[in-house]
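First up is the structure itself, then whatever we jot down about it.
The values are calculated or read from the model by the stated rules, or taken from the named source; none is laboratory data. Everything quoted here is computed from the prediction, not taken from an experiment. Here the Cβ positions follow ideal geometry from the backbone for every residue, glycine too, while neighbour counts run over all protein chains shown. Accessible surface is based on the protein model in full, side chains and every heavy atom, while ligands, DNA and RNA are left aside. Shrake-Rupley method; radii C 1.70, N 1.55, O 1.52, S 1.80 Å.
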Amino acid sequence: MAIPIPLEQMSVEEKIQAMELLWDDLRSRAGDALSPAWHGSELAKRDAALAKGDETSESWDSAKESIRKAMR
């Protein structure tokens, strides 16, 4: 099913807000979907890199704020 979205007419802020709405909806239905097998192995690889100190992470709220600041 194709849903027309006027991306070229949307500001970056509007696009981020649309993504947040989609993620919130997907997160509330997380149990309804099956993840592909490679997701588990990728998560394990990233967890190991975090534990070794090879990777860092930040909260989604912090990432959104960084994106917003960069777009100003």
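Overview of results
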item: Selection within the range 11-31 - within 28 Å of MET71 (Cα to Cα), charged (D, E, K, R) and either touching a strand residue (DSSP E or B) at 6+ places or on another chain (Cβ under 7 Å) or open to solvent by 100 Å² or more (accessible area, probe 1.4 Å) (or both); result: ARG27
item: Near pairs, Cβ below 8 angstrom, 6+ apart or cross-chain, from the range 47-67 (farther than 25 Å from GLN17 by Cα) to any residue that is in a helix (DSSP H, G or I) and open to solvent by 90 Å² or more (accessible area, probe 1.4 Å); result: GLU55/ARG46
item: Residues located in the range 37-53, provided they are open to solvent by 100 Å² or more (accessible area, probe 1.4 Å) and aliphatic (A, V, I, L, M); result: LEU43
item: So GLU8, is it over 14 Å from the mean Cα position of the chain (by Cα) and open to solvent by 80 Å² or more (accessible area, probe 1.4 Å); result: yes
item: So LEU34, is it modelled with pLDDT under 90 and surrounded by fewer than 10 Cβ atoms within 10 Å (Cβ to Cβ); result: yes
item: Near pairs, Cβ below 7 angstrom, 6+ apart or cross-chain, from the range 2-16 (within 14 Å of ARG72 (Cα to Cα)) to any residue that is among the aliphatic types (A, V, I, L, M) and assigned to a helix (DSSP H, G or I); result: VAL12/MET71; ILE16/ILE67
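Rundown of residues vs (1) part of a helix (DSSP H, G or I); (2) of a type in the set (Lys, Arg); (3) within 27 Å of ILE5 (Cβ to Cβ), yes/no style:
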| residue | (1), (2), (3) |
| --- | --- |
| GLY40 | yes, no, no |
| LYS45 | yes, yes, no |
| ASP54 | no, no, no |
| GLU58 | no, no, no |
